[in-house]
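*Asks:* Quick one: the structure is below, and I'll ask about it shortly.
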Amino acid sequence: MNVKTYIFVSVIKTVIALFVLLTAVAYSVWLERKVVGHIQNRWGPQRVGPFGLLQPLADGIKFLFKEDLTPPHVYKPLYIAAPMIAVTMALTSIALIPVGETVDLRGLRIPLQITDVNIGLLIILGVTSIGVYGVALAGWSSNSKYSLLGGLRASAQMVSYEISLGLSLVGVLIMAGSFSLRAIVDAQKGFFWGFIPNWNLFHGQEVAFFVYLMSAFAETNRVPFDLPEAETELVAGYHTEYSAMKFAMFFMAEYANMITVSCLATLLFLGGWIGPLFGPPLLRAILPVLWFFLKVLAFMFLYIWVRGTLPRFRYDQLMGFAWKFLFPLAIANLVVTGLIVALRA
Amino acid sequence: MLHLALFLMFGAICIAGAINLLVQSHPINSALSLIAVMASLAVEYLLLGAEFVAAVQVIIYAGAIMVLFVFVIMLLNAGVEERTRGSRVAILFGIPGVLVGSVLIAWLLLRHSGTTAVGIGALPGSPQTIGWLLFHDFLLPFEVTSVLVLIAIMGAVVLASRPESIEERRQG
């Protein structure tokens, strides 16, 4: 592949990935409102378009036309930079997520992924860890007590849960022997006992999946760990002082992070794009991508389901859960996985 | 060529960030410029081929340690620091001393390290190589370091816990 085709293909892939991601962000808000509505015996959005399907569009237009207030007491450079950091970091990690096998297009071998690097997982972790600054700085620069408390809670919570999140991934890495997301998915191919898929969720990493699930909920500040933006005590937490597009950026960052976390869960524990293949060649080419999207959708649904079901933790419970339960559990899982892999080798 | 240009550019960002860290009077701006230094250092590692070190640099330093810095600054709500004009001794001896020292170190490194300039992307920095070195060739230093870190953590816990609670436990 020469340089011109390479750049052309990369630009096309980036545009498609961004378009899909932003649409997915908009429609996961719709999905959340709809599902939570039905859980609470309401209808959810239904006025704008059929089944309320145009609601995200209407919301977007509303965000654009709202007055962009900047309170006089904020520290301006960081107040403006914070939402940008949050949304940039949230959108960057999608570049490393593979959605399917490498496809052959008239002799061009194109991996379905913007860029394939051999330390993909580490880069995603690095990008997410920088994303914390968006929330922390928003809380600090707003110069208001609710925002500051929200920002403090968010940074403490994200640092605590990042440890168990990272440790829960190590077990998967030991099983696959690589940081490359593509290699991790390839290691989950096939079946054991003849019919159960060889996904990490069913095969050795059940505990790790549980730890990952809990930590991921906390990392993305979602119920039952949404203390940084607990409405009943902190108004809206770190984004209390934000309005219009700046608020929308935090909103987008939160949902984009949810999607990234769901994609990672799919790749690491649910076998990525692996699924039954059948039918004509064209269908065979499309099916892996379809399986991937279905698994991500299932994980997103789980997110929303939990939000509709569980109440919020108390703050000391949240920290105790991270340090006294999840952290030892993750280490135990790591030791056991390491022993098993070492004994088998 | 592109690599070299990027290397020089991020080197410049790194130095500018370090100077900005000293010049800024508000702690949070200093912390943010330290993050910029860490991030550009990570890019330098990446350009030299040490991709694992680069990723770890971002995750540990820029992502975890600096978040704690920012957290503490936010928690204490540290204000703008007071400026003195600086002592005359520092200006007379400090600046020439730093210049002479850095020139000396650079000269010694170039002269006696026995290596020519490292080619871009020439360092063996893959995770496998680093893991092998850490857990085979340098296992003892690695374990000793971990014990050292453990002692530091225990010391921090002892220092941070209030003396009254220890007294109570002794009596009760």
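The values are calculated or read from the model by the stated rules, or taken from the named source; none is laboratory data. Predicted model only: the values in this text are computed from it and were never measured. Note that we place each Cβ from the backbone using ideal geometry, even for glycine, and neighbour counts take in every protein chain shown.
*Asks:* Here are A:159, A:117: which of them is within 30 Å of residue A:314 (Cβ to Cβ) and within 14 Å of chain B (Cβ to nearest Cβ)?
*Replies:* Exactly one of A:159, A:117 is within 30 Å of residue A:314 (Cβ to Cβ) and within 14 Å of chain B (Cβ to nearest Cβ), namely A:159.
*Asks:* OK, next. From the residues in segment A:136-148 that are facing chain B (nearest Cβ under 10 Å) and aliphatic (A, V, I, L, M), which one is surrounded by the most Cβ atoms within 10 Å (Cβ to Cβ)?
*Replies:* A:136
*Asks:* Assess whether residue A:274 counts as being closer than 21 Å to residue A:228 by Cα and surrounded by 15 or more Cβ atoms within 10 Å (Cβ to Cβ).
*Replies:* No; evaluated as a whole, the condition is false for this residue.
*Asks:* Quick one: in segment A:61-77, of everything that is of a type in the set (A, V, I, L, M) and surrounded by fewer than 14 Cβ atoms within 10 Å (Cβ to Cβ), which residue is farthest from residue A:266 (Cα to Cα)?
*Replies:* Only one residue tops the list, namely A:69.
*Asks:* Run down A:286, A:259, A:340, A:304 and say which single residue is loosely packed, with under 15 Cβ neighbours inside 10 Å, closer than 22 Å to residue A:211 by Cβ and out of contact with any Cys (no Cβ under 9 Å at 6 or more places or on another chain).
*Replies:* Residue meeting the stated conditions: A:340.
*Asks:* Follow-up. With A:196, A:174 as the choices, which residue is more than 9 Å from chain B (Cβ to nearest Cβ), more than 30 Å from residue A:115 (Cα to Cα) and surrounded by fewer than 18 Cβ atoms within 10 Å (Cβ to Cβ)?
*Replies:* A:196
*Asks:* Picking from A:338, A:279, A:272, which residue would you name as being out of contact with any Phe, Trp or Tyr (no Cβ under 8 Å at 6 or more places or on another chain) and not in a helix (DSSP H, G or I)?
*Replies:* Sole residue among the options that is out of contact with any Phe, Trp or Tyr (no Cβ under 8 Å at 6 or more places or on another chain) and not in a helix (DSSP H, G or I): A:279.
*Asks:* Here are some residues: A:80, A:85, A:130, A:123. Which one is in a helix (DSSP H, G or I), buried (at least 20 other Cβ atoms within 10 Å of the Cβ) and more than 9 Å from every other protein chain (Cβ to nearest Cβ)?
*Replies:* A:85
*Asks:* β-branched (Val, Ile, Thr), at pLDDT 85 or above and more than 30 Å from residue A:235 (Cα to Cα): which single residue out of A:185, A:172 fits that description?
*Replies:* A:172
*Asks:* Residue A:91 - would you say it is of a type in the set (A, V, I, L, M, F, W, C), more than 11 Å from chain B (Cβ to nearest Cβ) and without any contact (Cβ under 8 Å) to a residue 40 or more places away in the chain?
*Replies:* no
*Asks:* Could you run through segment A:79-119 and say how many residues are at pLDDT below 85 and more than 25 Å from residue A:179 (Cβ to Cβ)?
*Replies:* 5
*Asks:* Given the options B:71, B:7, name the one that is more than 17 Å from the chain's Cα centre (by Cα), under 30 Å from residue A:121 (Cβ atoms) and touching a residue at least 24 places away in the same chain (Cβ under 8 Å).
*Replies:* B:7
*Asks:* Quick check, is residue A:285 closer than 28 Å to residue A:37 by Cα and of a type in the set (Gly, Ala, Ser)?
*Replies:* no
*Asks:* To continue, here is another question. Please go through segment A:94-114 and give me each residue that is of a type in the set (D, E, K, R) and either in contact with a Pro (Cβ under 8 Å, 6 or more places away or on another chain) or outside any loop (DSSP other than H, G, I, E, B) (or both), ordered by number.
*Replies:* A:101, A:104, A:109 - these are the residues of segment A:94-114 that are of a type in the set (D, E, K, R) and either in contact with a Pro (Cβ under 8 Å, 6 or more places away or on another chain) or outside any loop (DSSP other than H, G, I, E, B) (or both).
*Asks:* Considering B:56, B:67, which residue is surrounded by 18 or more Cβ atoms within 10 Å (Cβ to Cβ), within 7 Å of chain A (Cβ to nearest Cβ) and among the hydrophobic types (A, V, I, L, M, F, W, C)?
*Replies:* Result of the check over B:56, B:67: B:67.
*Asks:* Ok, one more. Might you check whether a residue that is outside any helix (DSSP H, G or I), modelled with pLDDT under 85 and facing another protein chain (nearest Cβ under 10 Å) occurs anywhere in segment B:70-82?
*Replies:* yes
*Asks:* For residue A:288, work out the one condition from (1) part of a helix (DSSP H, G or I); (2) in contact with a strand residue (DSSP E or B) (Cβ under 8 Å, 6 or more places away or on another chain) it doesn't fulfil.
*Replies:* Answer for residue A:288: the failing condition is (2).
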